[in-house]
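Structure first, commentary second.
The values are calculated or read from the model by the stated rules, or taken from the named source; none is laboratory data. Please read these numbers as outputs of a predicted model, since none were measured by experiment. Ideal geometry is used to build each Cβ from the backbone, glycine not excepted, and the neighbour counts take in all protein chains shown. Quick note on the areas: whole protein, heavy atoms, side chains included, nothing else; ligands and nucleic acids left out. Shrake-Rupley method; radii C 1.70, N 1.55, O 1.52, S 1.80 Å.
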Amino acid sequence: MVRILISGCCGHMGRVVADICAGTAGVEVVGGFDILGQSGGDFPVWSSPAACTAEADAVIDFSSPAALDGLLEFGVRRKIPLVLATTGYSAEQLAQIDEAAKSVPIFRSANMSLGVNVLLDLVRRAASILGESYDVEIVERHHNRKVDAPSGTALMIADAAASALPYEARYVYDRQSVRQKRDPHEIGISAVRGGNIVGDHEIIFAGRDEVIELKHSAMSREVFASGAVKAACFLSGVQEPGLYSMSDLVTNS
């Protein structure tokens, strides 16, 4: 039995993770963290990781970058692996995660969807083949409650394209204040916020007289929660500290 703690358990994604766990054989939610300390009904809830007394095999976090310090301290002190599915981390926080991963296994991905990770591979392949002859633009769409922009997934896609391009790409997020011809070495990233869009990501390779588009659409948040639970089960069997990603999960599935 894989014992899981949910950080942000009373939030929307926390509840979805709990539902996925309830329907997954061999998985049990043994508790959660929520800043309000509200009862989750089927499991105990603590107001912070430091107050938690439960034994667990992994923590799944879909809360906020503000929760990172407490989670890292908890994971390192208790030697409990962490699945970090939150986006919007600062460069300093990413460095903190790298440091903590020297002591405990940490699985971090801005997107827990298997489909998105297949998309990243396709983007790398397309960029390596199309090279300098095609402009690269990324458009991401999310619900009106999402606070970070662009999305972590859009940045993952941009990084995937940039890693395969024959030049050093420059990310451009806003052209409103700049009136000039598009630099061919740009990767444009645009964010749309509205309604209850779960998550759409479109990558455009625009060349002379033709356009190639790759797109991923998430139909529900369950796809992300399901991936996070799979990641927690994967980490429960990992012995070595380190930073793990979806590619590790796919390779070892």
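Computed with a 1.4 Å probe on the full set of protein chains, the accessible area for Glu210 sits at about 90 Å².
Over the chain, DSSP H runs of length four or greater, each weighted -39,500 (n - 2.57), average out per residue to a 222 nm ellipticity of -10000 deg cm²/dmol. Computed with a 1.4 Å probe on the full set of protein chains, the accessible area for Leu243 sits at about 80 Å². Computed from point charges on the beta carbon alone (+1 for Lys and Arg, -1 for Asp and Glu), the dipole magnitude for the chain about its Cα centre is near 260 Debye.
I need the Kirkwood Rh of the range 142-250: take the reciprocal of the average 1/r across all distinct C-alpha pairs and report it in angstrom. Display every interim value, and only then the final one.
Values: mean 1/r = 0.0598 Å⁻¹.
Kirkwood radius, the range 142-250: 16.7 Å.
For the range 21-36, putting each phi into the Karplus relation 6.51 cos²θ - 1.76 cosθ + 1.60 with θ = phi - 60° gives couplings of 4, 4, x, 10, 5, x, 10, 9, 7, 9, x, x, 10, 8, 4, 8 Hz, in residue order, rounded to whole numbers and with x for Gly and Pro.
Among beta bridges from DSSP that stay inside the chain, the antiparallel ones total about 35%. Taking every Cα-Cα distance in the chain and sorting them into 5 Å bins from zero, the calculated P(r) comes out as 1, 6, 13, 16, 18, 15, 12, 8, 5, 3, 2, 0, 0 percent. Between Arg125 and Arg77, the simple spin-label model (points 7 angstrom out along Cα→Cβ) gives 4.7 nm.
Give the ranking of Ser226, Ser163 by solvent-accessible surface, highest area first, calculated with a 1.4 Å probe.
Ser163, Ser226
Computed 3J(HN,Hα) for the range 143-149, one whole-Hz value per residue from the Karplus formula 6.51 cos²θ - 1.76 cosθ + 1.60 where θ = phi - 60°, is 5, 6, 9, 6, 9, 9, 8, glycine and proline marked x. In this structure Tyr134 has an accessible area near 30 Å², from a 1.4 Å probe over the protein heavy atoms.
Size of the dipole of the range 72-143 about the Cα centre, Lys and Arg at +1 and Asp and Glu at -1 on the beta carbon, nothing else charged, in debye to 20? Don't jump to the answer; show the numbers that get you there.
Numbers: 8 positive and 9 negative charges, 106 e Å.
The calculated dipole for the range 72-143 is roughly 500 debye.
Residues whose amide H comes within less than 5 Å of that of Ser109, counting only those at least five positions distant or on another chain, are Leu84 (H built at 1.01 Å from N in the peptide plane).
Could you order Leu214, Leu235 by accessible surface area, starting with the largest, using a probe radius of 1.4 Å?
These residues rank, largest area first, as Leu214, Leu235.
Between 0 and 90 degrees, the angle of helix 114-130 with respect to the longest Cα principal axis of the chain falls at about 20 degrees.
A Förster distance of 30 Å, applied to the separation of the beta-carbon atoms of Glu168 and Leu243, puts the FRET efficiency at 0.80.
Taken as Cα centroids, the range 1-50 and the range 105-141 sit 31 Å apart, rounded to the nearest whole angstrom.
3J(HN,Hα) along the range 56-62, derived from phi through the Karplus expression 6.51 cos²θ - 1.76 cosθ + 1.60 where θ = phi - 60°, amounts to 8, 9, 6, 10, 10, 10, 10 Hz, with x in place of Gly and Pro.
Along its three principal directions, the equivalent ellipsoid of the range 13-65 from the Cα gyration tensor extends over semi-axes of 17, 13, 11 Å, largest first.
For the set Asp98, Asp19, Asp135, Asp61, solvent exposure ranked by accessible area (probe 1.4 Å, protein chains only) runs largest to smallest as Asp19, Asp98, Asp135, Asp61.
Its Kirkwood hydrodynamic radius, worked out from the mean inverse distance over all distinct Cα pairs, puts the range 53-114 at 11.8 Å.
For the range 1-151, what does the accessible surface come to per residue with a 1.4 Å probe? Please give it in Å².
Numbers: 6780 Å² over 151 residues.
Result: 45 Å² per residue.
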